[in-house]
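Comments concern the structure below.
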Amino acid sequence: MHRILFILTMIFTPLLANAQSVTPRDGWMVFPTSFSYGQLVKRTRSAISKAPIGIVTQASATVGAKSQGIKIPGNIVLGVYRNDYARRMLAASVAAGIEAPIRLYVTENADKTATLSYKTASTVFAPYMEEGGKELHDLAQELDEVLLSIAQKAAPAP
């Protein structure tokens, strides 16, 4: 097992070390900033703490790599949601439950600045809209506003 991890590390570490910045794409909101990775993570957490939503999951390949003695550019995925959002979502579409929580992604760029990005709730829930009807559509729009508010506080336009 250790040999496989070593081989995978040797293959993928150079790729991760030269990772590209997240760029705009369909269904995503992307906020490049002049903040460092650490600053943007703190700002994002602070903006979430002031929003009507909370962090329910987090994952960081950077932290995992560091625990193995490998340094890669900073990245963290913060999953955000709220129990009443979950109940509304599930009442509209049980299948949509696989998409919760909605994720915010903070990444370190090659120039040591950082970017905040996320898929809009409208995009994430799009495959379930026919089943979920107006209730899921309304929830997605509400979540889009919450996520945009977080992003505008954490990563304001220059």
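The values are calculated or read from the model by the stated rules, or taken from the named source; none is laboratory data. Just so you know, these numbers come straight off a predicted model, no measurement behind them. Cβ atoms come from the backbone with ideal geometry, glycine included; neighbour counts cover every protein chain shown.
Annotation for region 84-94: no member residue is within 23 Å of T33 (Cα to Cα) and over 15 Å from the mean Cα position of the chain (by Cα). Scanning region 127-145 for residues that are in contact (Cβ under 8 Å) with a residue 40 or more places away in the chain, crowded, with 18+ Cβ neighbours inside 10 Å and either over 16 Å from L90 (Cβ atoms) or more than 19 Å from the chain's Cα centre (by Cα) (or both) yields G132, L136. All of (1) surrounded by 21 or more Cβ atoms within 10 Å (Cβ to Cβ); (2) free of Cβ contacts under 8 Å to residues at least 24 places away in the same chain hold for A86 with one exception: (1). Residues satisfying the criterion are absent from region 135-153 (criterion: of a type in the set (G, A, S) and over 24 Å from A51 (Cα atoms)). Against the test of being over 24 Å from S60 (Cβ atoms), modelled with pLDDT of 95 or more and in contact with a helix residue (DSSP H, G or I) (Cβ under 9 Å, 6 or more places away or on another chain), the options E108, E135, E99, E130 yield a single qualifying residue, E135.
Can you tell me which residue in region 9-41 is modelled with the highest pLDDT, limited to those that are in contact with a Phe, Trp or Tyr (Cβ under 8 Å, 6 or more places away or on another chain) and surrounded by 15 or more Cβ atoms within 10 Å (Cβ to Cβ)?
Across region 9-41, the extreme among qualifying residues is M29.
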